[in-house]
Every structure is written in structure tokens, then in C-alpha cells.
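Report on the following structure.
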Amino acid sequence: MNEGKLEFIIRTAVKRAVKEAIAAYRAEQTREGHREERFTSQEGRIKQALKMYRTARQLILETGRDPEQFTFGNTEISLAELERAVMMYRDSCEKGGLESDMRRYRELFALFLAEDRPPVVEIARSECVSAKTIYKDLGIAVKRIADILFMDRQQPGKRSEGQQSVLYHSGEQIPEEREKGA
């Protein structure tokens, strides 16, 4: 092999290696961006708050802290705001009358709000859908809750007619009047 061919092969290999390295770097940056975006987007913050809900609710009940004053880490969402938004979502699902909307609420409740969290496979089996559908449904539900929360924040202090904060503990719904006495 002559020196010219060897040089050509080396240059070609280096170019390919550089292109692959750049592509890998860009792919990693994109993945990192999506990870970061998950926790900075409204939906990401709501998912984070929902994941911490059970623990936060238990802490509130044990310490008697005000749900309005309790926020989920760096989400800037209070426990009371989250509960109101979830209740408004539940009400809209019930009033809409679509079985798919009610299924989404039941899935959300089972995964994040119920005292005992069943595995996704069990929820999927009970709802007669795949686990993949559960995750798609949760994405839709969280987006709707984000919309509700955003609208609720635009009108602070205003609740839907007859709307009460409801706490979930041991499957029991505790209306606001009883919250203060507990």
C-alpha cells in the first residue's frame, strides 16, 4: 500500500470518527435537555408533585401544617392547589361522560393519590388496556391538570361553585370543614 492511499484511509477514518462523535454528543445533549425539560415544564412539575403526594399528605395530617403553605420542593405548587386541580379534573371527567376520561382519572388516582399504589400492570389489567396506554393516559391527564392549575392561578381565591378541598386518607374523603378540626 502506498503512502497516498494510507493517508486517504486515515483522513476518511478520522472524518467518520469525528462525525460519529459529534452525532453522539448532540444526541446526549438532546437527552439531557429532555431530562431537564421534564422538571422545568408545567407538566413535569405536576408529575413531580403527584409522585410526592402520598408522603406530603401523610406529613400534613401528622403535623397539622396548612396545605396552602406546603409546596412540593421546587415545583412552586402547593398541596391545596394540586388537590383543587385534581378535583376539578375529576369533575370535568365525570361531567364529560366519556369512559376514556373517567379511565384516565381512575389511573391517575390509583398511581398517585390512592393510599396503596398497585403496579401499572395490575391497573392496566383492571382497565382492560395495555401498560403503554396507562402511560399515554397519564400524559393526557397531567396536561389537563396543568391547564386547570394554570387557569386556577389566573383567578386566585376563586373556586368552582360548590368546590371544596378534599383530602384523601385511608380512602376517606375529608371535606374542608373537618380538615381544620383534625
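Among the numbered conditions (1) modelled with pLDDT of 85 or more; (2) within 18 Å of Ala56 (Cβ to Cβ); (3) surrounded by 15 or more Cβ atoms within 10 Å (Cβ to Cβ), the only one that Pro67 does not meet is (1). In this structure, Ala85 does not satisfy being surrounded by 19 or more Cβ atoms within 10 Å (Cβ to Cβ), among the small types (Gly, Ala, Ser) and under 12 Å from the mean Cα position of the chain (by Cα).
Arg65 - would you say it is basic (Lys, Arg) and out of contact with any Phe, Trp or Tyr (no Cβ under 9 Å at 6 or more places or on another chain)? Considered against the rule, which asks whether it is basic (Lys, Arg) and out of contact with any Phe, Trp or Tyr (no Cβ under 9 Å at 6 or more places or on another chain), Arg65 comes out as yes. Please indicate, with yes or no, whether at least one residue in the stretch 75-86 is without any contact (Cβ under 8 Å) to a residue 12 or more places away in the chain and of a type outside the set (Lys, Arg). Taking every residue of the stretch 75-86 in turn, at least one turns out to be without any contact (Cβ under 8 Å) to a residue 12 or more places away in the chain and of a type outside the set (Lys, Arg). Candidates in the stretch 113-133 are the residues that are among the hydrophobic types (A, V, I, L, M, F, W, C), over 16 Å from the mean Cα position of the chain (by Cα) and part of a loop (DSSP other than H, G, I, E, B); of these, the one that is surrounded by the fewest Cβ atoms within 10 Å (Cβ to Cβ) is Cys128. Ala27 meets all of the listed conditions (1) closer than 21 Å to Met151 by Cβ; (2) modelled with pLDDT under 85 but one, namely (1).
Which of (1) touching a residue at least 12 places away in the same chain (Cβ under 8 Å); (2) more than 19 Å from Leu111 (Cα to Cα); (3) surrounded by fewer than 20 Cβ atoms within 10 Å (Cβ to Cβ) is the odd one out, the single condition Ile60 does not satisfy? Among (1) touching a residue at least 12 places away in the same chain (Cβ under 8 Å); (2) more than 19 Å from Leu111 (Cα to Cα); (3) surrounded by fewer than 20 Cβ atoms within 10 Å (Cβ to Cβ), Ile60 violates only (3). The condition of being surrounded by 15 or more Cβ atoms within 10 Å (Cβ to Cβ) and among the charged types (D, E, K, R) holds for only one of Glu94, Glu107, Glu99, that being Glu107.
Among the conditions (1) out of contact with any Asp or Glu (no Cβ under 8 Å at 6 or more places or on another chain); (2) in contact (Cβ under 8 Å) with a residue 40 or more places away in the chain; (3) closer than 22 Å to Arg57 by Cβ, the only one that Ala141 does not satisfy is (1). Please verify whether the stretch 31-43 includes one or more residues that are in contact with a Pro (Cβ under 9 Å, 6 or more places away or on another chain) and charged (D, E, K, R). Looking through the stretch 31-43, none of the residues is in contact with a Pro (Cβ under 9 Å, 6 or more places away or on another chain) and charged (D, E, K, R). For the stretch 54-96, the tally of residues that are closer than 16 Å to Leu149 by Cα and outside any loop (DSSP other than H, G, I, E, B) stands at 17.
The values are calculated or read from the model by the stated rules, or taken from the named source; none is laboratory data. Only a predicted model underlies this, so the values are computations on that prediction, with no experimental measurement involved. Cβ sites come from the backbone with ideal geometry, for glycine too, and all protein chains shown count toward neighbours.
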